[in-house]
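What follows is a set of notes on a single structure, which appears directly below.
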Amino acid sequence: MSVKSHICLLGLIILCSPFTGVTGETHVFSSSGENVTLACINALSGCTSTTWIYTKHSSSVTVELIMLGIKKNDTERAERLSLGSDCSLNIYKTTEDHGQYICQQYVNGQKSVTDAQVYLHVLHVSSSSTQTEIRSGSSVTLICQLLSYDNTCDSLLRIEDLQLFWVNQTGVNLLTDSRYQISASGLCIITLTTILLNEDSNTEWRCLAKMKNEIKTSASYSVKFKASTKPTIKPTSKITSSPTASLSPKQGKVFICPTFVCSVS
């Protein structure tokens, strides 16, 4: 987004973004798996005029989530969405829900107020290693990424002083520890690489998203070593053959005994 100059007129209830000039624009931060609420700042009473639309990227199709206060059930994530009493949009357990959300108000088929735009940024942490590879002495790389709509994350990085960084369980920035290699591998992506030690089992590393000295959201990754399995030695069963019945010359028959006691008649 380009930086545009703008003027907020006194007496008008308009939110002006300091770096985009888009009216009614807000930014919401969440971590993957959290519940999030997106406020509709232009809502009219009763929510029957409220419509929410969503666009993941500028090149993707716009999806209608809420139409005149009624949830659209034919969307992919309808079961995770609900409309609040204040016309806000509730998202249950965010995953890849990042993108642009627009709250619109329609009265008699016509827009009645300016659209309210909400940009949802979702912080996600993943590992380059599979669980079977996580063990003492192995190398692990953790990837922390702030998923955003197009280049909004880039704008926040350049103008709003957005920062991503890794901390340990006590909150110490891991840049100060030479054991960890921290690098930015792309826009709004920061990686952590280290060699696992025995004491790292059940250790939690946390990625923080900070803007203007305020923590916006965080996401963590806990290392759990695969339990070592000791070979189990099963006792061997001693097989004893069943005894053969004693035969007298008069019997002339052979009896196979199924048990250790034979009765010969």
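Nothing in this text is a laboratory measurement; each read-out follows from the coordinates by a stated rule. None of the values given here were measured: they were computed from a predicted structure. Because the Cβ atoms are built from the backbone with ideal geometry, glycine has one as well, and the counts that use them run over all protein chains shown.
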Where labels lie 7 Å past Cα in the beta-carbon direction, separation of Asn90 and Val172 in nm: 4.2
Nearest-0.05 FRET efficiency for Thr203 and Glu79, computed from C-beta distance (R0 41 Å): 0.75
Between Ala184 and Glu34, what is the label-point separation in nm under the 7 Å Cα-to-beta-carbon projection? 2.2
Interchain or long-range residues, amide H under 5 Å from His27's placed H: Tyr119
Taking H placed 1.01 Å from N in the peptide plane, check which residues at least 5 places from Ile66 or on another chain put their amide H under 5 Å from its amide H. Trp52, Lys72
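Starting from the Cα gyration tensor of the range 123-222, take the square roots of the eigenvalues, sort them a ≥ b ≥ c, and report rounded, prolate or oblate (rounded when a/c is under 1.5, otherwise prolate if a/b is larger than b/c, else oblate).
prolate
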